[in-house]
Amino acid sequence: MKIKSILLLAAIFYSFSAFAQPNELKKGVASYNKFNDVKQIGTPALGMKDLEAAKTSLEKASSNDKTSNLSETWTYLARVYADYALLDKTPAAAEYKQKAVDAAVKAKAAEGNAEQAEN
């Protein structure tokens, strides 16, 4: 009976971890869209919390096997890094700019890049 319980817990854990990273992509896109809405109003500083959440989620998604080959992941990550490069007034802005360019190149090379052409 203990073996069945352990196997059940292992199956639940595996299924949770399998769906965790695609959800990170969705959370990252949603957070970026919230930031973008606030930025369009004219106050990007108020949306920095959403931009940071988007960056964290999208970086997790970019390191996962299931979502790292999707163009959507790299497109939104490039947009996040580009916004950081525009908003950051420190020398780190050049690093964000380079990360944005690298992510854009990966987005063009990834599968599904036709759907992300507009972004």
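For the range 41-70: of the residues being of a type in the set (Val, Ile, Thr) and within 14 Å of the chain's Cα centre (by Cα), which is modelled with the lowest pLDDT?
The selected residue is Thr67.
Would you confirm whether any residue within the range 74-89 is farther than 21 Å from Asn33 by Cβ, assigned to a loop (DSSP other than H, G, I, E, B), charged (D, E, K, R) and free of Cβ contacts under 8 Å to residues at least 24 places away in the same chain?
yes
Condition check: hydroxyl-bearing (Ser, Thr, Tyr) and open to solvent by 40 Å² or more (accessible area, probe 1.4 Å). Does Ser31 satisfy that?
No, not satisfied.
Restricting the first residue to the range 20-48 and requiring it to be among the hydroxyl-bearing types (Ser, Thr, Tyr), which pairs with a second residue that is open to solvent by 30 Å² or more (accessible area, probe 1.4 Å) meet a Cβ separation below 8 Å and a spacing of at least six or different chains?
What qualifies is Ser31/Asp50; Ser31/Ala53; Tyr32/Asp50; Tyr32/Arg79.
Which of the residues spanning the range 1-40 are at pLDDT 55 or above and either of a type in the set (Val, Ile, Thr) or touching a Ser or Thr at 6+ places or on another chain (Cβ under 7 Å) (or both)?
Ile3, Ile6, Gln21, Pro22, Glu24, Leu25, Lys27, Gly28, Val29, Ser31, Val38
What tally of residues in the range 90-101 results from selecting those that are under 20 Å from Glu52 (Cβ atoms), assigned to a helix (DSSP H, G or I) and more than 14 Å from the chain's Cα centre (by Cα)?
7
The values are calculated or read from the model by the stated rules, or taken from the named source; none is laboratory data. This is a predicted model, so every value here is computed, not measured. Reconstructed Cβ throughout: ideal geometry from the backbone, glycine too, with neighbour counts over all protein chains shown. When the accessible area is computed, the model is the full protein with side chains, heavy atoms only, and any ligands, DNA or RNA have been set aside. Shrake-Rupley method; radii C 1.70, N 1.55, O 1.52, S 1.80 Å.
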